Amino acid sequence: MLGFVDEMEMLADQYLEGGVAEEDADLAYEWLKKAADKGLVSAMCTMAWMHAEGKAADASSAEAVVLYKRAAEKYGSSAARVGLAAMYMFGTGVTQSVYQARLLLHRAAGLDNDAAMLMCGLATKYEARSRCHQESTRAYVQQCASGLASGRQSTRHWSLP
């Protein structure tokens, strides 16, 4: 039915992280695309994360937005909503809209996404704080979004600014 999509994603992770296989972002993306084409949403989110972080060949913020939107709207992915929210919050690949970011985060938080709930509060404070606090909040939100959107919640450790 879906084939070996989990194994495709595991292989892609090895190429991304340089674990068992030699680090190769192009091969990682190729395997992620195969898994995403077979319906694995976490692979689609990792592809979007690679575009957002500049790790994909021909990386594009616009392509990251397209992939995050597809995963969020078609498959209801909480991680994709968090990644897309970060892009809206900072105007990366889209027109900046903290309001839109908060809407996405609230939807993700409604799916019991603890980091999204925390980010909702931070997004609200982001608008009201001084420039200094905005930068530290922004850095933390980006760390959270990067970890969640890439599907690597369990391997990333974040600390409050």
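When you scan the range 115-127, do you find a residue that is modelled with pLDDT of 60 or more and under 27 Å from residue 23 (Cα atoms), even just one? No; the residues of the range 115-127 include none that is modelled with pLDDT of 60 or more and under 27 Å from residue 23 (Cα atoms).
Residues that are in a helix (DSSP H, G or I) and of a type outside the set (S, T, N, Q) within the range 2-21 comprise 5, 6, 7, 8, 9, 10, 11, 12, 13, 15, 16, 17, listed in sequence order. Considering only residues in the range 20-38 that are open to solvent by 30 Å² or more (accessible area, probe 1.4 Å) and within 19 Å of the chain's Cα centre (by Cα), the one that is nearest to residue 74 (Cα to Cα) turns out to be 37. Within the range 53-65, the set of residues being open to solvent by 40 Å² or more (accessible area, probe 1.4 Å) and either free of Cβ contacts under 8 Å to residues at least 12 places away in the same chain or under 11 Å from the mean Cα position of the chain (by Cα) (or both) comprises 53, 54, 58, 59. Under 7 Å by Cβ, and 6 or more places apart or on different chains, what pairs join a residue from the range 22-48 that is assigned to a loop (DSSP other than H, G, I, E, B) with one that is crowded, with 16+ Cβ neighbours inside 10 Å and at pLDDT below 90? So the pair list comes out as 23/15; 24/15; 38/5; 40/5; 40/9.
Can you tell me how many residues within the range 89-106 are surrounded by fewer than 24 Cβ atoms within 10 Å (Cβ to Cβ) and part of a helix (DSSP H, G or I)? Total meeting the criteria: 7.
Would you say residue 72 is among the aliphatic types (A, V, I, L, M), under 17 Å from residue 100 (Cβ atoms) and in a helix (DSSP H, G or I)?
Values: among the aliphatic types (A, V, I, L, M): yes; under 17 Å from residue 100 (Cβ atoms): yes; in a helix (DSSP H, G or I): yes.
Yes, satisfied.
The values are calculated or read from the model by the stated rules, or taken from the named source; none is laboratory data. Please read all numbers here as calculations on a predicted model, not as lab measurements. With ideal geometry, Cβ positions are generated from the backbone for all residues, glycine too; neighbour counts draw on all protein chains shown. Areas reflect the complete protein model, heavy atoms only, side chains present, ligands, DNA and RNA absent. Shrake-Rupley method; radii C 1.70, N 1.55, O 1.52, S 1.80 Å.
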